[in-house]
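The values are calculated or read from the model by the stated rules, or taken from the named source; none is laboratory data. Keep in mind it's a predicted model, so treat the numbers as computed, not measured. With ideal geometry, Cβ positions are generated from the backbone for all residues, glycine too; neighbour counts draw on all protein chains shown. SASA here: full protein model, heavy atoms, side chains in, ligands and nucleic acids out. Shrake-Rupley method; radii C 1.70, N 1.55, O 1.52, S 1.80 Å.
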Amino acid sequence: MKMLIFLFGFMLLSLSFADQYTDRYDDFDIKEVTSNRRLLSSYLKCVLDQGRCTPEGKELKLHIKDAMQTGCEKCTATQKTKARIVVAHIREHENTFWEELKKKYDPDNKYKEIYEGFLNSNV
């Protein structure tokens, strides 16, 4: 019986971790990307299907729609912080790309309230 309880607890713990994006790229240097327009542009073109993707770009592209639709609920704390910084930079300096991202991943503005709420919060 104890073994069954242990296995059930382990299964629940495993499922809770599966509900979060990989933290493999949490150490990714966003300052380097946001300070280099050419580099930022290549990542944005990747997620917009307009260019080639690095492994980091592929991972971002894999989760960007879900993150926008759920307010980044599967993001790690680091990813949430970095997402807000990068999006703020894109809105301020690369607004055309921001509009293209919204058009691609939320063409009907169905999730606008969700991702805007996330981007404007500090939690």
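Using a probe of 1.4 angstrom, how much of the accessible area of the range 24-123 is carbon and sulfur, in percent? Kindly include the intermediate steps, with their values, before the conclusion.
Values: 3200 of 6420 Å².
It is 50 percent, rounded to a whole number.
Does a label point 7 Å from the Cα of THR22, set along Cα-to-beta-carbon, have any residues of the range 75-110 with amide nitrogen under 13 Å, and which are they? Correct set: none at all. Distance distribution P(r), the range 16-123, all Cα-Cα pairs, bin width 10 angstrom from 0: 14, 51, 33, 2 percent. Taking amide H as placed 1.01 Å from N in the peptide plane, the amide H of THR76 sits under 5 Å from that of TYR21, each at least 5 places away or on another chain.
Pull out the extension gain between GLN69 and ASN120, defined as 0.36 nm times the separation in residues minus the alpha carbon to alpha carbon distance; nm, one decimal.
Difference between extended and current length: 16.9 nm.
Residues of the range 87-112 falling in the label zone of GLU59, defined by backbone nitrogen less than 18 Å from a point 7 Å along Cα to beta-carbon, are 87. Accessible-area rank, largest first, for SER35, SER41: SER35, SER41, with all protein chains present and a 1.4 angstrom probe. I'd like the accessible area for ILE85, computed on protein heavy atoms only with a 1.4 Å probe and all protein chains in place. Round to 10 Å², please. Number for this one is 90 Å².
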